[in-house]
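In what follows, a single structure is set out as structure tokens and then discussed.
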Amino acid sequence: MQKGRVIQSTGSWYKVQHEKEITESRLPGRFRLDGKEVTNPIAVGDWVDISFNEDGTGTIEHIHERKNYITRQATHGRRGEHILAANLDRAFVVQSIRKPKLKEGFIDRFLVTCEAYEVEASIIINKIDLATKQDEAFIEELQGLYQHLGYTVFTTNANDPECLLPLRDHMAGITSAFIGPSGVGKTSLLNTIDPSYSEKIGEISSYSNKGKHTTTFAKLIELDNGGFLVDTPGIREFGLFNIEPWELSLYFPEMLEPRQNCKFNTCTHLHEPGCGVVAAFEEGQIDAGRYNSYINMLESIGG
Ligand SMILES: Nc1nc2c(ncn2[C@@H]2O[C@H](COP(=O)(O)OP(=O)(O)OP(=O)(O)O)[C@@H](O)[C@H]2O)c(=O)[nH]1
Ligand SMILES: [Mg+2]
Ligand SMILES: [Zn+2]
């Protein structure tokens, strides 16, 4: 038996790295039957024990307990969750200012998930070379907002190695992941951060200004600064998984204090009388866009 880390998964095969070797491994059927609704029982970043078969392939015998993971609601009509990556020291939500256009709702859903699943989160706003004067003011505003909430915000141009140095330092010696829509430049950032990689990057459709899902499987990569990065395929939606309406405001750092003033302990901070969160919002202590994200999320989880 050998302990190793899952560095890539295609759904039926898992690449497991142990020492410097990689063994193509399979998961016995029994792992799928433990009653959990998950589209991928093992994710990139998982630590596993494998046994070796005569043909050189491996069989996954045991999955070690996860330190944490980041997950979202499965899509394409599938029930349950889809785990994006496991055992992370940090997750980055990657957005581009344009092509495709930045989506604040995506960022906020991601941040809520990271709070709920205990993953440190940071934000990358890429393609700043495409920013107009107006965009620049908007980026500054976003930066102020999120940094104030405790999230580091990096503004990047993936084609400019120098501007990536602070981000590169932030990733040294830890396991992190890039998560975001297709075409925002996740793989381009990786290629510039560690020039020994030349992973495939895609085109942006001139019709929709969206990416074309160039990266198809999540992949754990060892960087030359002692860090590990999971580059993930682009996702359109970041649906919350297993977060109840009553707990949602716990994952908005700016609501933690105000919610203690709510008259009812089941308050959802919408229309209830004596709501501390609404009071804080009316006093300008909670950003309107963030409160709007809260309401949208609450609706999406049936609150
Ligand atoms: N102008 C500009 N273009 C960029 C930047 N970063 C990436 N691009 C371009 O954006 C396109 C998509 O980049 P990718 O790195 O493939 O995007 P991705 O996020 O990995 O996309 P998926 O793998 O589909 O999820 C490519 O044509 C890149 O050259 C940037 O900072 N500025
Ligand atoms: Mg990619
Ligand atoms: Zn309230």
### Message
What translational diffusion coefficient, to the nearest whole µm²/s, does the chain have by Stokes-Einstein, given a Kirkwood radius computed over alpha-carbon pairs, a temperature of 4 °C and 1.567 mPa s viscosity?
### Response
63 µm²/s
### Message
When only alpha-carbon atoms are used, what values of Rg and Dmax, in angstrom, describe the range 245-300?
### Response
9.9, 26
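Please give me, ordered by residue number, the trypsin sites (Lys or Arg not before Pro) of the range 192-226 that lie in loop per DSSP and have at most 11 other Cβ atoms within 10 Å.
Numbers: sites: 200, 210, 212, 219; in loops: 200, 210, 212.
Sites meeting the loop and neighbour criteria: 200.
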## Note on the structure
As a percent rounded to 5, the proportion of antiparallel DSSP bridges among beta bridges in the chain is 60 percent
#### Entry: Nonlocal amide H pairs with residue 223, under 5 Å, H built at 1.01 Å
228, 229
### Query
Going by a 4.7 Å Cβ-Cβ cut-off, which cysteines of the chain have no partner at all?
114, 163, 275
### Task
Using amide H atoms built 1.01 Å from N in the peptide plane, name the residues 5+ places from residue 40, or on other chains, whose amide H lies under 5 Å from its own.
83
### Message
Give me a comma-separated list of calculated 3J(HN,Hα) values for the range 110-122, in order, Karplus coefficients 6.51, -1.76, 1.60 applied at θ = phi - 60°, integers in Hz, x for any Gly or Pro.
### Response
4, 5, 4, 4, 4, 5, 5, 9, 6, 10, 5, 10, 9
### Task
Would you work out the charge dipole size for the chain about its Cα centre, treating the Cβ of every Lys and Arg as +1 and the Cβ of every Asp and Glu as -1, and quote it to the nearest 20 debye?
900 debye
### Long pairs among 15/127; 103/212; 20/219; 67/212, criterion Cα-Cα beyond 25 Å
15/127; 67/212
## Note on the structure
Most fluctuating of 53, 87, 261 in the GNM of the chain (C-alpha, under 10 Å) is 53
#### Entry: Furthest towards positive pole of dipole, 296, 258, 217, structure part the chain, Cβ charges
217
### Query
Helix 133-148 versus the longest principal axis of the chain: what angle, 0 to 90°, nearest 10, using Cα atoms?
90 degrees
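Taken together, the values in this text are just the output of simple stated rules run on the coordinates, not laboratory data. This is a predicted model, so every value here is computed, not measured. Cβ sites come from the backbone with ideal geometry, for glycine too, and all protein chains shown count toward neighbours.
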